[in-house]
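Enquirer: Before I ask anything, let me first share the structure, which is written out below as structure tokens.
The values are calculated or read from the model by the stated rules, or taken from the named source; none is laboratory data. This is a predicted model, so every value here is computed, not measured. Glycine gets a Cβ as well: all are built from the backbone with ideal geometry, and neighbour counts include every protein chain shown.
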């Protein structure tokens, strides 16, 4: 047996030791979806599930009585409630599933948990694992010519990157949705003739480099990046960032900067981008963002209302463009919050039970999946691991979560033994 087959066999055997791995081994059939695009709404800091999609009876921050911070309301799915500040999304809950039994074992610290919720893996000293976005970009590529497969609307971070898959599975990012990715938009004073002369000179330099460094992989990667930059800086792709071409009513419905990023995401998907991560961008509204320690809890509702406007409008907008079943929406956060309150009236960190959300993507939505205890601090029913969550997303996009990626000649399971949530699959 050669080294590759040996490692693949032993890797598969190790996955079989986990509960989800045993379930995968026991069932050869996985239902695959037909989603073509995926957006991850990243709520960095730790969205409080008990204050959003997994509401519980009211507590009291002053008296340090555990419980919910906001009243709950009914949704379009009988028996499923959400917090009152998700009123618009509540009416669309038949297109949404709040996965209320998500958990991981990472110490409740932001960096390590952020890595886990982007890669689905523990941090390793020897392997840099790819993010979910890079896995999708690697397996599916862009849905059209002349656009990147994977974009980040926010700031770059290594946990969002391609890891051992290399730069071809990387992302293009922008933190300015009006101008588009930095370095791609031409300055206003650059005439078309000057631009053509520059591109001609660059072509001569690149051709000389290919002759001189033809066997150098670093040069090849750099040259490939240049080629992509030239392609993306063309007028066809850059016009996607002109949100003024959308109606004022729609732009207003999407709401804040975060909502405008969601509107841009729909346009990017129409252009052929496969995966977009949207980072929440209005963290100063409550002073702490989603990391609601101490006084950050007081105005947390402003963030939730932003999320509600963006999510509900994105769902209805995609539906009107006949794209909802083709677009998987994920709300992702590194962990949740406990039902109790800290000394300043906010909430701490909690990874043993929290809620992430799936919407659209052709899944069999049910409003909520899984069950937590009375204060949303422990999983009671239908636990979902991070690999399971990733496997569900991949399967919805037509990617087999049992496949292997390769770090050189080393086979690496695409998820860490994850199994799709069967009840959500078609």
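Enquirer: Going through 414, 399 one at a time, which residue ends up being closer than 24 Å to residue 127 by Cβ and in the same structural domain as residue 129 (by TED's automatic domain parsing)?
Expert: Details: 399 fails: in the same structural domain as residue 129 (by TED's automatic domain parsing).
The match here is 414.
Enquirer: If you scan segment 122-138, which residues turn out to be out of contact with any helix residue (DSSP H, G or I) (no Cβ under 8 Å at 6 or more places or on another chain) and surrounded by 15 or more Cβ atoms within 10 Å (Cβ to Cβ)? Give the steps one after another, and end with the answer.
Expert: First pass over segment 122-138, keeping only residues out of contact with any helix residue (DSSP H, G or I) (no Cβ under 8 Å at 6 or more places or on another chain): 124-126.
Correct list: empty.
Enquirer: Only residues that are in a strand (DSSP E or B) and either touching a helix residue (DSSP H, G or I) at 6+ places or on another chain (Cβ under 7 Å) or modelled with pLDDT under 95 (or both): list them for segment 384-404, please. Don't jump to the end; show me each part of the working.
Expert: Start the filter on segment 384-404 by keeping residues that are in a strand (DSSP E or B), which leaves 384-385, 404.
Listed by number, the residues that qualify are 385, 404.
Enquirer: Tell me which residues, restricted to segment 267-284, are over 12 Å from residue 153 (Cβ atoms) and either modelled with pLDDT of 95 or more or within 15 Å of the chain's Cα centre (by Cα) (or both). Steps first, answer last, please.
Expert: Pass one, segment 267-284, residues over 12 Å from residue 153 (Cβ atoms): 269-272, 274, 282-284.
Correct list: 269, 270, 271, 272, 274.
Enquirer: Can you tell me which residues in segment 316-339 are more than 30 Å from residue 143 (Cα to Cα) and not in a loop (DSSP other than H, G, I, E, B)?
Expert: Restricting attention to segment 316-339, the residues satisfying the condition of being more than 30 Å from residue 143 (Cα to Cα) are 335-339.
Selection gives 336 alone.
Enquirer: Continuing with the same structure: Considering 279, 333, 256, which residue is in the same structural domain as residue 242 (by TED's automatic domain parsing) and buried (at least 24 other Cβ atoms within 10 Å of the Cβ)? First the steps, then the outcome.
Expert: Values: 279 fails: buried (at least 24 other Cβ atoms within 10 Å of the Cβ); 256 fails: buried (at least 24 other Cβ atoms within 10 Å of the Cβ).
When all the criteria are applied, what remains is 333.
Enquirer: Taking segment 289-315, which residues are touching a residue at least 24 places away in the same chain (Cβ under 8 Å) and in a loop (DSSP other than H, G, I, E, B)?
Expert: 289, 290, 291, 292, 293, 298
Conditions (1) under 17 Å from the mean Cα position of the chain (by Cα); (2) over 20 Å from residue 418 (Cα atoms); (3) in contact (Cβ under 8 Å) with a residue 24 or more places away in the chain, marked per residue:
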site	(1), (2), (3)
89	no, yes, yes
113	yes, no, yes
121	yes, no, yes
161	yes, yes, yes
179	no, yes, yes
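Enquirer: Additional query: Before we move on, is residue 378 crowded, with 18+ Cβ neighbours inside 10 Å and out of contact with any helix residue (DSSP H, G or I) (no Cβ under 9 Å at 6 or more places or on another chain)? Spell out how you get there, then give the answer.
Expert: Values: crowded, with 18+ Cβ neighbours inside 10 Å: no; out of contact with any helix residue (DSSP H, G or I) (no Cβ under 9 Å at 6 or more places or on another chain): yes.
The answer is no for residue 378.
Enquirer: Quick one: which of 336, 367, 361, 344 is without any contact (Cβ under 8 Å) to a residue 60 or more places away in the chain and touching a helix residue (DSSP H, G or I) at 6+ places or on another chain (Cβ under 6 Å)?
Expert: Working: 336 fails: without any contact (Cβ under 8 Å) to a residue 60 or more places away in the chain; 367 fails: without any contact (Cβ under 8 Å) to a residue 60 or more places away in the chain; 361 fails: without any contact (Cβ under 8 Å) to a residue 60 or more places away in the chain.
Going through 336, 367, 361, 344 in turn, the sole match is 344.
Enquirer: So which of 264, 232 is surrounded by 12 or more Cβ atoms within 10 Å (Cβ to Cβ), in contact with a strand residue (DSSP E or B) (Cβ under 9 Å, 6 or more places away or on another chain) and at pLDDT below 75?
Expert: Working: 264 fails: at pLDDT below 75.
Being surrounded by 12 or more Cβ atoms within 10 Å (Cβ to Cβ), in contact with a strand residue (DSSP E or B) (Cβ under 9 Å, 6 or more places away or on another chain) and at pLDDT below 75 holds for just one of 264, 232, which is 232.
Enquirer: Which condition number does residue 390 fail, the rest of (1) in the same structural domain as residue 114 (by TED's automatic domain parsing); (2) in contact (Cβ under 8 Å) with a residue 12 or more places away in the chain being met?
Expert: If we test residue 390 against (1) in the same structural domain as residue 114 (by TED's automatic domain parsing); (2) in contact (Cβ under 8 Å) with a residue 12 or more places away in the chain, just (1) comes out false.
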